[in-house]
Amino acid sequence: MSGLEASVDRIATETRFSGVVWVDRGGDVQLAKAYGLANRGHEVPNAVDTQFGIASGTKGLTALTVVSLIEEGRLEMTTTARSVLGKDLPLIDDEVTVEHLLAHRSGIGDYYDEEIDRPITDYVLAIPVHELDTTEPFLRVLDGYPSKFPPDERFTYCNGGYVVLALIAERCSGTPFHELVEQRVCGPAGMLDTKFLRSDELPGRAALGYLQEDGPRTNIFHLPVRGTGDGGIYSTAPDISSLWTAMFAGRIVSMDRIAEMARSHSDAPDKSARYGLGFWLHESRDVAELHGYDAGVSFRSVHDPVERLTYTVLSNTSEGAWPLTEHLDELLTT
């Protein structure tokens, strides 16, 4: 057993971790290991290829989808949300652009405002979750939130902004958003196991999301039955590695576009990070990250394109991923 595996095993045991840990460098997989149960009721163990919800990790795929439409000329960074939304969501400022939304600088009011301190397991959706199975029904979720500040004034992380991006992408392309992501991101990246699954009909290799470290209660009533632009896609550790490889090889959008997405557009000192377009960035190094945190979901993936290093932790509990990603930060990047 390697020192890496032994140290990960120790923390996984101490924290009763449920999920998958993956490390690869230069195409060589150094660690790929699963822990805990995907389905506690039936005692189904997690496997390396188990599909996990990745919550806001979805935003990176949304951003790539939107940028691919920009490359085709169907959108521009300067396209206003209003020009696509028409009379829908009238409280969104008429000057908000696609770029503002991608960079979390739109100022629009958020249906799930992360500046409000509340337990991650709160029930926050006022709309029955089973009605949220495509993107258009989210209009009812997004409506009624006044703007917080003028467009481009500052960075404020905004979940609703990425649902608006999904609506814009869907309307300007004429293709359902879920299909757009699969066609424009998952297909080119070879992410065959990454899909917007319905939580009420999960396939056998998908993990249920659990609200507590122990216990049978799942997140099925906490989240939309099927995700959209701000979260909810399911993926695997190998697929996330494939995403980074394809992205930084220019197989999804051009390298010029990737450079713009991976360039800092805002500092986020409260997170000890920066933000690009759809991706978190290390506060001082050229390292891109995806994060996801929700009821029954925790996920973080870090990619250093210079060192060709990727490490990913996926968990089907709300807090499970964090101790292990912090350990990998210390072990692999210092």
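The values are calculated or read from the model by the stated rules, or taken from the named source; none is laboratory data. These numbers were taken from a predicted model, which means no experiment stands behind them. Heads up, the Cβs are rebuilt from the backbone with ideal geometry, glycines too, and the neighbour counts pull from every protein chain shown. Heavy atoms of the whole protein, side chains included, go into the accessibility calculation; ligands, DNA and RNA do not. Shrake-Rupley method; radii C 1.70, N 1.55, O 1.52, S 1.80 Å.
List of remarks:
- Hits in region 239-282 (condition: of a type in the set (F, W, Y), open to solvent by less than 50 Å² (accessible area, probe 1.4 Å) and touching a helix residue (DSSP H, G or I) at 6+ places or on another chain (Cβ under 7 Å)): F279
- Taking first residues from region 307-328 that are on the phi > 0 side of the Ramachandran plot and partners that are modelled with pLDDT of 95 or more and part of a helix (DSSP H, G or I), the Cβ contacts under 9 Å between residues at least 6 apart in sequence or on separate chains come to R308/T245.
- Restricting attention to region 304-334, the residues being of a type in the set (S, T, N, Q), farther than 16 Å from E14 by Cα and open to solvent by less than 20 Å² (accessible area, probe 1.4 Å) number 4.
- Meets criteria (among the charged types (D, E, K, R), in contact (Cβ under 8 Å) with a residue 12 or more places away in the chain and in a helix (DSSP H, G or I)) for E5: yes
- Any chance V306 is part of a loop (DSSP other than H, G, I, E, B), touching a Lys or Arg at 6+ places or on another chain (Cβ under 9 Å) and aliphatic (A, V, I, L, M): yes
- Considering T228, T236, the condition of being crowded, with 23+ Cβ neighbours inside 10 Å, modelled with pLDDT of 95 or more and farther than 20 Å from I120 by Cβ is satisfied by T236 alone.
- Test: residue in region 181-203 that is buried (at least 23 other Cβ atoms within 10 Å of the Cβ), modelled with pLDDT of 95 or more and among the polar types (S, T, N, Q): yes
- The residues in region 16-32 that are crowded, with 18+ Cβ neighbours inside 10 Å and not hydrophobic (A, V, I, L, M, F, W, C) can be counted, and the count is 3.
- Which numbered condition K87 misses (of (1) closer than 23 Å to G227 by Cβ; (2) modelled with pLDDT of 95 or more; (3) not β-branched (V, I, T)): (1)
- Total residues in region 13-36, condition part of a loop (DSSP other than H, G, I, E, B) and hydrophobic (A, V, I, L, M, F, W, C): 1
- Residue in region 37-58 that is polar (S, T, N, Q), part of a strand (DSSP E or B), in contact (Cβ under 8 Å) with a residue 24 or more places away in the chain and surrounded by 14 or more Cβ atoms within 10 Å (Cβ to Cβ) present: yes
- For region 176-233, residues that are in contact with a Gly (Cβ under 8 Å, 6 or more places away or on another chain) and of a type in the set (D, E, K, R) total 3.
- Total residues in region 105-123, condition surrounded by 15 or more Cβ atoms within 10 Å (Cβ to Cβ) and not polar (S, T, N, Q): 9
- Every residue from region 69-104 that is open to solvent by 10 Å² or more (accessible area, probe 1.4 Å), touching a residue at least 40 places away in the same chain (Cβ under 8 Å), out of contact with any Pro (no Cβ under 9 Å at 6 or more places or on another chain) and assigned to a helix (DSSP H, G or I): I70, E71, V84, E99
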